[in-house]
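Asker: First, the structure itself, so that you have it in front of you.
The values are calculated or read from the model by the stated rules, or taken from the named source; none is laboratory data. Bear in mind that the values here come from a model prediction, so they are computed numbers and not experimental data. Glycine gets a Cβ as well: all are built from the backbone with ideal geometry, and neighbour counts include every protein chain shown. Please note that ligands, DNA and RNA were not included when accessible areas were found on the heavy atoms of the full protein model with its side chains. Shrake-Rupley method; radii C 1.70, N 1.55, O 1.52, S 1.80 Å.
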Amino acid sequence: MAKQLSGAGLRGQVAGKTALSTVGKSGSGLTYRGYDIKDLASHCQFEEVAYLILKGKLPNQRELDDYKTKLIGLRALPQALKDVLERIPAAAHPMDVLRTGCSMLGNLETEQDFSQQQEATDRMLACFPSIICYWYRYSHDGVRINTQTHDDSIGGHFLHMLHDGAPKTLHEQVMHVSLILYAEHEFNASTFTARVCASTLSDIHSCVTGAIGSLRGPLHGGANEAAMEMIEKFTSADDAEKQMLGMLERKEKIMGFGHAIYSESDPRNAIIKGWAEKLAQDTGDTVLYPVSVRCEEVMWREKKLFCNADFFHASAYNFMGIPTKLFTPIFVMSRLTGWAAHIMEQRADNRIIRPSAEYTGEALRSVPPIAQRD
Ligand SMILES: CC(=O)SCCNC(=O)CCNC(=O)[C@H](O)C(C)(C)COP(=O)(O)OP(=O)(O)OC[C@H]1O[C@@H](n2cnc3c(N)ncnc32)[C@H](O)[C@@H]1OP(=O)(O)O
Ligand SMILES: O=C([O-])CC(=O)C(=O)O
């Protein structure tokens, strides 16, 4: 059953058209350009899905090979961007680093006109993992990494730079799935940010920089980090249950649960949960995964709230040795595809997005001379 959508936050209002994805059409489904997310996550690599979203069709083998080769060739960072990254402190949030990195790239490789939008997107897709890892490894380990690796995939490239070694096959596979799940989601807050910016005919780096800022918040992409910070405090499944009941009693918001559009479940959850379980077995975990499963049970039993895409991403990323503060930047590495496709769609049929407001302020009055003011 579809969720009844109304009220504040523009909920339920159609704010434009898209041919990119459907979200919650039957209460719980998700498709990218007509393909079910379950099918895409089972059969595709992330680069195939990026190609689908950005170029409108699934690539054949030759097109996929060419696309991957092209992206591999775009991983190196300009010196001026590396100089900027080296000046950002280790205590900065990596989402702020990425926002600055994207903006700096826009200064160095400015989109001169819309005919460059696909090229500019491919460049960001290839070098966002480099930006995150170059800053992270320099500020935390004091090393200047070579970002021009020859890893086959974007996820593998990211893990390789982060951990200074080739990733396990299982981890690279999970990265493909994770990046596919996060790639596109209709008019969510960050995508809508990108479209509003695009509707002024601004450049693509401005649109993406704004979208990164919107994704950062804990009610949106930042929820995967917030979920991790919560579950790592629980010592066992029973402890998780006790603490969650207390949080619900105190009417605290539990990050990683609920959704603005889905009513019954988020289709991405079952998929990433399955991979989190495999990773738990692989690492010999006996705490984090059972804790996560209990959180899911308690929230459903008590509130009929289900896990969204972010919740089991927390344990999955943790099992792969990814620091919590890099969770949301991984979301950016993927969602960039959705943002860019929406920017292109907006540009192709544009009218400036400018809604109206209901005025709730003072009635008309005259300006008193300054000497007569309180
Ligand atoms: C990839 C993504 O961005 S997915 C979303 C990630 N964000 C989170 O996980 C943050 C936690 N979740 C939330 O804050 C919300 O569920 C949102 C922002 C995702 C959706 O917000 P809304 O559309 O306003 O939620 P909705 O209308 O379904 O809320 C219904 C009720 O459930 C409550 N509720 C919703 N989610 C939660 C939650 N995670 N914890 C506790 N209560 C919740 C709401 O407070 C509301 O209660 P009220 O009627 O007493 O005010
Ligand atoms: O659609 C939303 O509101 C949030 C979400 O799940 C996403 O952006 O992936």
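Asker: Just need a number here: residues in region 43-66 that are over 14 Å from Ser178 (Cβ atoms) and either open to solvent by 80 Å² or more (accessible area, probe 1.4 Å) or in contact with a strand residue (DSSP E or B) (Cβ under 9 Å, 6 or more places away or on another chain) (or both). Walk me through it before giving the result.
Answerer: Start the filter on region 43-66 by keeping residues that are over 14 Å from Ser178 (Cβ atoms), which leaves 43, 48, 51-66.
Narrowing the set further to residues that are either open to solvent by 80 Å² or more (accessible area, probe 1.4 Å) or in contact with a strand residue (DSSP E or B) (Cβ under 9 Å, 6 or more places away or on another chain) (or both) leaves 43, 52-53, 57-58, 61-62, 66.
The total comes to 8.
Asker: Against the condition closer than 25 Å to His176 by Cβ and of a type outside the set (Asp, Glu), how does Gly258 come out, does it pass? Reasoning before the result, please.
Answerer: Working: closer than 25 Å to His176 by Cβ: no; of a type outside the set (Asp, Glu): yes.
Taking the combined requirement at face value, the residue does not satisfy it.
Asker: What are the residues in region 210-263 that are of a type in the set (Lys, Arg) and either within 17 Å of Thr193 (Cβ to Cβ) or near ligand 1 (Cβ under 7 Å from one of its atoms) (or both), if any? Reasoning before the result, please.
Answerer: Restricting attention to region 210-263, the residues satisfying the condition of being of a type in the set (Lys, Arg) are 216, 233, 242, 250-251, 253.
Arg216, Lys253 - these are the residues of region 210-263 that are of a type in the set (Lys, Arg) and either within 17 Å of Thr193 (Cβ to Cβ) or near ligand 1 (Cβ under 7 Å from one of its atoms) (or both).
Asker: Further question on the same structure: Can you tell me which of Ala2, Ala91, Ala50 is touching a residue at least 40 places away in the same chain (Cβ under 8 Å) and within 30 Å of Thr324 (Cβ to Cβ)? Working first, answer last.
Answerer: Numbers: Ala2 fails: within 30 Å of Thr324 (Cβ to Cβ); Ala91 fails: touching a residue at least 40 places away in the same chain (Cβ under 8 Å).
Unique residue meeting the criteria: Ala50.
Asker: Can you confirm whether region 296-314 contains a residue that is more than 16 Å from ligand 2 (Cβ to nearest atom), at pLDDT 95 or above, assigned by the TED database to the domain that holds Glu109 and crowded, with 18+ Cβ neighbours inside 10 Å?
Answerer: no
Asker: Something else now. Which one of these is in contact (Cβ under 8 Å) with a residue 60 or more places away in the chain and either among the polar types (S, T, N, Q) or within 15 Å of ligand 2 (Cβ to nearest atom) (or both): Ile204, Ile271? Show your work before the answer.
Answerer: Numbers: Ile204 fails: either among the polar types (S, T, N, Q) or within 15 Å of ligand 2 (Cβ to nearest atom) (or both).
When all the criteria are applied, what remains is Ile271.
Asker: Hey, could you check region 187-209 for residues that are within 16 Å of ligand 1 (Cβ to nearest atom) and among the small types (Gly, Ala, Ser) and say which is surrounded by the fewest Cβ atoms within 10 Å (Cβ to Cβ)?
Answerer: Of region 187-209, the ones within 16 Å of ligand 1 (Cβ to nearest atom) are 187-194.
Checking the rest, the ones that are also among the small types (Gly, Ala, Ser) come to 189-190, 194.
Values: Ala189: 17, Ser190: 25, Ala194: 29.
Checking each candidate, the answer is Ala189.
Asker: Further, regarding this structure: For region 234-264, name all the residues that are at negative phi, within 16 Å of ligand 2 (Cβ to nearest atom) and open to solvent by less than 70 Å² (accessible area, probe 1.4 Å).
Answerer: Taking region 234-264 as the starting set, the residues that turn out to be at negative phi are 234-250, 252-255, 257, 259-264.
Remaining after also requiring within 16 Å of ligand 2 (Cβ to nearest atom): 253-255, 257, 259-264.
Across region 234-264, the qualifying residues are Ile254, Met255, Phe257, His259, Ala260, Ile261, Tyr262, Ser263.
Asker: Here is a follow-up. For Arg268, are the conditions met, namely being modelled with pLDDT of 95 or more, out of contact with any Cys (no Cβ under 7 Å at 6 or more places or on another chain) and open to solvent by 40 Å² or more (accessible area, probe 1.4 Å)? Spell out how you get there, then give the answer.
Answerer: Values: modelled with pLDDT of 95 or more: yes; out of contact with any Cys (no Cβ under 7 Å at 6 or more places or on another chain): yes; open to solvent by 40 Å² or more (accessible area, probe 1.4 Å): no.
Here the answer is no, as Arg268 does not meet what is asked.
Asker: Here's something else I'd like to know. Could you list all residues from region 121-156 that are surrounded by fewer than 17 Cβ atoms within 10 Å (Cβ to Cβ), in contact (Cβ under 8 Å) with a residue 40 or more places away in the chain and among the acidic types (Asp, Glu)? Break it down stepwise before answering.
Answerer: Pass one, region 121-156, residues surrounded by fewer than 17 Cβ atoms within 10 Å (Cβ to Cβ): 140-144, 146, 148, 150, 152.
Next cut, in contact (Cβ under 8 Å) with a residue 40 or more places away in the chain only: 140, 144, 148, 150, 152.
Matches in region 121-156: Asp152 only.
Asker: While we're here: From the list Thr169, Thr100, which one is β-branched (Val, Ile, Thr), out of contact with any helix residue (DSSP H, G or I) (no Cβ under 8 Å at 6 or more places or on another chain) and open to solvent by 10 Å² or more (accessible area, probe 1.4 Å)?
Answerer: On the way: Thr100 fails: out of contact with any helix residue (DSSP H, G or I) (no Cβ under 8 Å at 6 or more places or on another chain).
When all the criteria are applied, what remains is Thr169.
Asker: For region 153-176, check the following and say yes or no: at least one residue is under 25 Å from Pro89 (Cα atoms) and among the polar types (S, T, N, Q).
Answerer: Among the residues of region 153-176, not one is under 25 Å from Pro89 (Cα atoms) and among the polar types (S, T, N, Q), which makes the answer no.
Asker: Can I ask one more? Considering only helices (runs of 4 or more DSSP H) fully contained in region 98-186, which possess at least 1 residues that are within 16 Å of ligand 1 (Cβ to nearest atom)?
Answerer: Working: elements: 117-141, 154-163, 169-182.
Here the list reads 169-182.
Asker: If we scan region 353-369, do we find a residue that is open to solvent by 40 Å² or more (accessible area, probe 1.4 Å), modelled with pLDDT of 95 or more and assigned to a helix (DSSP H, G or I)?
Answerer: Checking region 353-369: not a single residue is open to solvent by 40 Å² or more (accessible area, probe 1.4 Å), modelled with pLDDT of 95 or more and assigned to a helix (DSSP H, G or I).
Asker: Still on this model: Of the conditions (1) closer than 16 Å to Ala270 by Cα; (2) more than 16 Å from ligand 1 (Cβ to nearest atom), Val14 clears all except one; give me its number.
Answerer: Of the numbered conditions (1) closer than 16 Å to Ala270 by Cα; (2) more than 16 Å from ligand 1 (Cβ to nearest atom), the odd one out for Val14 is (1).
Asker: Also, I was wondering about something else. Can you tell me which residues in region 186-201 are of a type in the set (A, V, I, L, M, F, W, C) and more than 10 Å from ligand 2 (Cβ to nearest atom)? I'd like the intermediate steps shown before the answer.
Answerer: Step one: of region 186-201, the residues of a type in the set (A, V, I, L, M, F, W, C) are 187, 189, 192, 194, 196-198, 201.
Of everything in region 186-201, those that are of a type in the set (A, V, I, L, M, F, W, C) and more than 10 Å from ligand 2 (Cβ to nearest atom) turn out to be Ala194, Val196, Cys197, Ala198, Leu201.
Asker: Still on this structure: For region 12-42, how many residues are part of a loop (DSSP other than H, G, I, E, B), at pLDDT 90 or above and loosely packed, with under 14 Cβ neighbours inside 10 Å? Lay out the reasoning, then the answer.
Answerer: Step one: filter region 12-42 for residues part of a loop (DSSP other than H, G, I, E, B), giving 12-20, 24-29, 33-34.
Cutting the leftovers down to at pLDDT 90 or above gives us 13-20, 24, 29, 33-34.
Those left that are additionally loosely packed, with under 14 Cβ neighbours inside 10 Å: 13-15, 17, 19, 34.
Selection size over region 12-42: 6.
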